[in-house]
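*Asks:* Questions regarding the structure given below will be posed in turn.
The values are calculated or read from the model by the stated rules, or taken from the named source; none is laboratory data. Just so it is clear, the structure is predicted and the values come from calculations on it, not from any experiment. Cβ placement follows ideal geometry from the backbone for every residue including glycine, while neighbour counts extend to all protein chains displayed. Areas reflect the complete protein model, heavy atoms only, side chains present, ligands, DNA and RNA absent. Shrake-Rupley method; radii C 1.70, N 1.55, O 1.52, S 1.80 Å.
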Amino acid sequence: MRLTRERPDPWVMLVVGVVGQIAGTVAASAPTFLIPYLHLQEGLPLARAGALASAPLIGTMLTLVLWGVVVDRFGERLAMSAGLAVAAVAVLASATTDGYVALGLWWVLLGVGAASTNSASGRLVVGWFGPERRGTAMGIRQTALPLGVGLSAVIVPPLAAGPGLVTALLVVGTVAAVATVLSALLVVDPPRPDRQVARTDGLLDNPYRRRQGLWRIHAASALLVVPQYTVWTFMLVWLIDTRGWAPVAAGALVFSAQLLGAAGRIAAGWWTDRAGSRLRPMRLVAVGAVVVMVLLGALESTSLAVTVILVASVVTVVDNGMAFTAVAEIGGPFWSGRAMGMQNTGQYLAAAAVPPGVGAIIAGPGYAWAFALVAVFPLLAVPLVPVRAERPVADR
């Protein structure tokens, strides 16, 4: 492997990008896994603990597009290392702060910093990998989210319950700090055309004005997030509440589902490389999401439901890498950061509506109706995927 600044090994860039994304996800997920500590040991009401835990999400949603601008204007290395540094400082500062208001503000800043890794690590993949390998590489990069959430779940709760909150936050902050140093030392910005040449070739033009494909992909992806987060959010409580599983066994199955989802993302990326298309496979996955959610609703009370929800945990997540790669390719070297920021913002907004919305349906008609009704969202996404507007591989 070559680690020169001129032409680094693309796989090294992928590893550094994945490490940065995992570190950002670990940090941003940590407050969620501190809810039991805040509620049970500190006596904070569950609603307030949940509100505190949502603070990083607020910071992330507000700044995803802004970090995309930083990536497009100043490069991936600066964006990722600066963002992770902000996240590390925010976590470490929150470990020594007094009062829940200050804690929440530091965690909002944590979300701001962690948001940088979304566009920056995505651009590393798009910039250093050719179209024939880009889908597979992006699929590997997309595994950082479930891996980061899983790692945070393993690290944070036992540290908070044992040594305490301060120790848990110090460890998470150290993870972010190490990733900051690695990003600053190893990330090499992918080559971009000269801006004068790019202006002549139209690469500086706003792709949202030239083509409608980006808006349609954003909309389809936001719709496809609904079944994904429905399964992610309610699988654990469904297993315990209606299937009678022990919490440990249910948690183990959920963790297994995360691993299967990560493997599915890599396989989906490989599929798009072989097919020479990101959007045709994405449309097929949307159809698959419709089918699996309808089946889950129909079979919810049967012994087959556990198998179906495992399948759903894979089918409903594999579109992410397809869409993210397509958005970056359409955005081009001077707009892809902002385009990926817009993509993530729409998905976060849709995901935020899932717990209260689907939860209300579960509280009423029940799980079967909730799972089946969620199938409407991928059904609406199917015609939105702009397959005919996709460019040939050679033009990407």
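*Asks:* Given (1) under 29 Å from Val290 (Cβ atoms); (2) crowded, with 18+ Cβ neighbours inside 10 Å; (3) touching a residue at least 60 places away in the same chain (Cβ under 8 Å), identify the lone condition not met by Ala250.
*Replies:* Failing condition for Ala250: (3).
*Asks:* Do we have any residue at all in segment 24-33 that's closer than 18 Å to Ala93 by Cβ, open to solvent by 50 Å² or more (accessible area, probe 1.4 Å) and touching a helix residue (DSSP H, G or I) at 6+ places or on another chain (Cβ under 9 Å)?
*Replies:* No, every residue in segment 24-33 fails to be closer than 18 Å to Ala93 by Cβ, open to solvent by 50 Å² or more (accessible area, probe 1.4 Å) and touching a helix residue (DSSP H, G or I) at 6+ places or on another chain (Cβ under 9 Å).
*Asks:* Which residues, taken from segment 175-198, are part of a helix (DSSP H, G or I), modelled with pLDDT under 90, closer than 27 Å to Thr345 by Cβ and open to solvent by 60 Å² or more (accessible area, probe 1.4 Å)?
*Replies:* Selection gives Arg195 alone.
*Asks:* Among the residues of segment 354-386, count how many are touching a residue at least 24 places away in the same chain (Cβ under 8 Å) and part of a helix (DSSP H, G or I).
*Replies:* Looking only at that region, the number is 20.
*Asks:* Something else about it: If I filter segment 56-73 for residues that are more than 27 Å from Pro355 (Cβ to Cβ) and not aliphatic (A, V, I, L, M), do I get at least one hit?
*Replies:* Scanning segment 56-73, I find at least one residue that is more than 27 Å from Pro355 (Cβ to Cβ) and not aliphatic (A, V, I, L, M), so the answer is yes.
*Asks:* Then there's this: Could we say that Leu52 is open to solvent by less than 40 Å² (accessible area, probe 1.4 Å), assigned to a helix (DSSP H, G or I) and of a type outside the set (S, T, N, Q) here?
*Replies:* Yes; evaluated as a whole, the condition is true for this residue.
*Asks:* Any idea which residue in segment 272-301 is surrounded by the most Cβ atoms within 10 Å (Cβ to Cβ), counting only those that are charged (D, E, K, R) and outside any helix (DSSP H, G or I)? Give the steps one after another, and end with the answer.
*Replies:* First, pick out the residues of segment 272-301 that are charged (D, E, K, R): 273-274, 278, 280, 283, 300.
So of that shortlist, the ones also outside any helix (DSSP H, G or I) come out as 278, 300.
On the way: Arg278: 33, Glu300: 21.
The qualifying residue surrounded by the most Cβ atoms within 10 Å (Cβ to Cβ) is Arg278.
*Asks:* Does Trp245 qualify as being of a type in the set (Phe, Trp, Tyr), open to solvent by 40 Å² or more (accessible area, probe 1.4 Å) and over 14 Å from Ala326 (Cα atoms)?
*Replies:* Values: of a type in the set (Phe, Trp, Tyr): yes; open to solvent by 40 Å² or more (accessible area, probe 1.4 Å): yes; over 14 Å from Ala326 (Cα atoms): yes.
Yes.
*Asks:* Given the criteria more than 24 Å from Gln142 (Cα to Cα), open to solvent by less than 30 Å² (accessible area, probe 1.4 Å) and either in a helix (DSSP H, G or I) or at pLDDT 90 or above (or both), does Ala326 qualify? Before you say what the answer is, go through the steps one by one.
*Replies:* Working: more than 24 Å from Gln142 (Cα to Cα): no; open to solvent by less than 30 Å² (accessible area, probe 1.4 Å): yes; either in a helix (DSSP H, G or I) or at pLDDT 90 or above (or both): yes.
It is false that Ala326 is more than 24 Å from Gln142 (Cα to Cα), open to solvent by less than 30 Å² (accessible area, probe 1.4 Å) and either in a helix (DSSP H, G or I) or at pLDDT 90 or above (or both).
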